[in-house]
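J.: To start, I am sharing the structure in question, which I have written as structure tokens.
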Amino acid sequence: GYNFNKHVGLTGAAFYNRFNLDKSAFLQDLPGVNADHWQFYGLTAGPMLNHELSDKVVLDLRVMGGLANANTPKFTYEGTEVVKEDWKWTPVFQGGVNLRFNTGGNVFIFTNADYMWMQPEFKLMSSGGDGATVVDRIHQTIAVANLTGGVGIRF
């Protein structure tokens with residue numbers, strides 16, 4: 001983030017997430033079926049508000065919007081692709097709060113909580129029993145909460 005003054009700034013984020021599927025539910029009922037992962041990446045930007053809780057602790061609030069490119073899992077049956085993966089660009093909302101603990105100089109410790117939400121519309125293409133291609137359109141809500149922490153250096 002970049003502060004314009006003591007209380008207001010502009011922040012941005014680049015992100016990539018990949019989530020494996022819990023396949024145990026459908027593997028039990030449908031042996032031979034396999035699926036890979038969900039994944040998405042993107043960029044967000046927006047305003048940041050800063051508030052000094054003490055001379056050593058600063059609270060940052062962020063509200064950002066941007067674009068993400070998300071994909072659906074690919075499904076196979078005994079090694080043959082039956083549902084193709086699909087990639088779609090979609091708007092994304094990201095909000096967060098950050099606590100910075102100044103340790104002196106340019107070094108600080110931080111803890112962070114973020115929430116990200118998007119709802120891409122995917123076109124799922126699968127093979128029907130007669131060899132025809134079946135197309136279904138679905139809106140998939142993707143919501144992610146992240147908790148992080150670390151050490152930062154202020155330039």
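J.: In this structure, is residue 15 open to solvent by less than 90 Å² (accessible area, probe 1.4 Å), more than 25 Å from residue 151 (Cβ to Cβ) and modelled with pLDDT under 95?
T.: Working: open to solvent by less than 90 Å² (accessible area, probe 1.4 Å): yes; more than 25 Å from residue 151 (Cβ to Cβ): no; modelled with pLDDT under 95: yes.
So residue 15 does not fit the description; no.
J.: Also: Does the range 102-116 hold any residues that are among the hydrophobic types (A, V, I, L, M, F, W, C) and surrounded by 15 or more Cβ atoms within 10 Å (Cβ to Cβ), and which are they? Break it down into steps so the answer makes sense when it comes.
T.: Pass one, the range 102-116, residues among the hydrophobic types (A, V, I, L, M, F, W, C): 107-110, 113, 116.
Those that are among the hydrophobic types (A, V, I, L, M, F, W, C) and surrounded by 15 or more Cβ atoms within 10 Å (Cβ to Cβ): 108, 110, 116.
J.: Still on this structure, please answer the following. Working only within the range 57-96, note down all residues that are outside any strand (DSSP E or B) and either of a type outside the set (Gly, Ala, Ser) or touching a Leu at 6+ places or on another chain (Cβ under 8 Å) (or both). Reasoning before the result, please.
T.: Here is the first cut: in the range 57-96, the ones outside any strand (DSSP E or B) are 72-74, 78-79, 84-86.
The answer is 72, 73, 74, 78, 84, 85, 86.
J.: Can you tell me how many residues in the range 25-41 are assigned to a strand (DSSP E or B) and free of Cβ contacts under 8 Å to residues at least 60 places away in the same chain? Full working, then the answer.
T.: In the first step, residues of the range 25-41 are kept if they are assigned to a strand (DSSP E or B); the result is 33-35, 37-41.
When the remaining residues are screened for being free of Cβ contacts under 8 Å to residues at least 60 places away in the same chain, the result is 33-35, 37, 39, 41.
Residues meeting the conditions: 6.
J.: Can you pull out every residue in the range 1-19 that is over 23 Å from the mean Cα position of the chain (by Cα) and assigned to a loop (DSSP other than H, G, I, E, B)?
T.: Residues of the range 1-19 over 23 Å from the mean Cα position of the chain (by Cα): 3-8.
Selection gives 4, 5, 6, 7.
J.: While we're on this one: May I ask you to verify whether residue 90 is in contact (Cβ under 8 Å) with a residue 60 or more places away in the chain, surrounded by 17 or more Cβ atoms within 10 Å (Cβ to Cβ) and β-branched (Val, Ile, Thr)? Lay out the reasoning, then the answer.
T.: Working: in contact (Cβ under 8 Å) with a residue 60 or more places away in the chain: no; surrounded by 17 or more Cβ atoms within 10 Å (Cβ to Cβ): yes; β-branched (Val, Ile, Thr): yes.
No; evaluated as a whole, the condition is false for this residue.
J.: Does residue 148 fit the bill of being part of a strand (DSSP E or B), open to solvent by 60 Å² or more (accessible area, probe 1.4 Å), at pLDDT 85 or above and of a type in the set (Val, Ile, Thr)?
T.: So residue 148 fits the description; yes.
J.: Return yes or no: is residue 22 without any contact (Cβ under 8 Å) to a residue 12 or more places away in the chain and within 20 Å of the chain's Cα centre (by Cα)?
T.: Working: without any contact (Cβ under 8 Å) to a residue 12 or more places away in the chain: yes; within 20 Å of the chain's Cα centre (by Cα): yes.
Here the answer is yes, as residue 22 does meet what is asked.
J.: Quick check, is residue 15 touching a Phe, Trp or Tyr at 6+ places or on another chain (Cβ under 9 Å) and closer than 20 Å to residue 141 by Cα?
T.: Yes.
J.: When the range 18-64 is examined, which residues are found to be open to solvent by 40 Å² or more (accessible area, probe 1.4 Å), closer than 23 Å to residue 101 by Cβ and charged (D, E, K, R)?
T.: Answer for the range 18-64, where residues must be open to solvent by 40 Å² or more (accessible area, probe 1.4 Å), closer than 23 Å to residue 101 by Cβ and charged (D, E, K, R): 52, 55, 56.
J.: Go through the range 1-12 and give me each residue that's among the polar types (S, T, N, Q) and open to solvent by less than 70 Å² (accessible area, probe 1.4 Å). Quick ask: steps written out before the conclusion?
T.: Let us first name the residues in the range 1-12 that are among the polar types (S, T, N, Q), namely 3, 5, 11.
Within the range 1-12, 3, 11 qualify.
J.: State whether one or more residues within the range 55-72 are at pLDDT 95 or above, among the basic types (Lys, Arg) and over 24 Å from residue 123 (Cβ atoms).
T.: Yes, the range 55-72 contains at least one residue that is at pLDDT 95 or above, among the basic types (Lys, Arg) and over 24 Å from residue 123 (Cβ atoms).
J.: Now for a separate question. Within the range 131-140, is there a residue that is surrounded by 14 or more Cβ atoms within 10 Å (Cβ to Cβ) and either assigned to a strand (DSSP E or B) or among the basic types (Lys, Arg) (or both)?
T.: Here is the first cut: in the range 131-140, the residues surrounded by 14 or more Cβ atoms within 10 Å (Cβ to Cβ) are 140.
In the following step, the residues that additionally are either assigned to a strand (DSSP E or B) or among the basic types (Lys, Arg) (or both) were identified as none.
So far as the range 131-140 goes, no, none of its residues is surrounded by 14 or more Cβ atoms within 10 Å (Cβ to Cβ) and either assigned to a strand (DSSP E or B) or among the basic types (Lys, Arg) (or both).
J.: Mind counting the residues in the range 65-78 that are open to solvent by less than 90 Å² (accessible area, probe 1.4 Å) and over 15 Å from the mean Cα position of the chain (by Cα)? Spell out how you get there, then give the answer.
T.: First pass over the range 65-78, keeping only residues open to solvent by less than 90 Å² (accessible area, probe 1.4 Å): 65-66, 68-76.
Applying the additional criterion that residues be over 15 Å from the mean Cα position of the chain (by Cα) yields 73-76.
Total meeting the criteria: 4.
The values are calculated or read from the model by the stated rules, or taken from the named source; none is laboratory data. In this text, all values refer to a predicted model and were calculated from it rather than measured experimentally. Ideal geometry is used to build each Cβ from the backbone, glycine not excepted, and the neighbour counts take in all protein chains shown. In case anyone asks, the SASA skips ligands and DNA or RNA and just uses the protein heavy atoms, side chains included. Shrake-Rupley method; radii C 1.70, N 1.55, O 1.52, S 1.80 Å.
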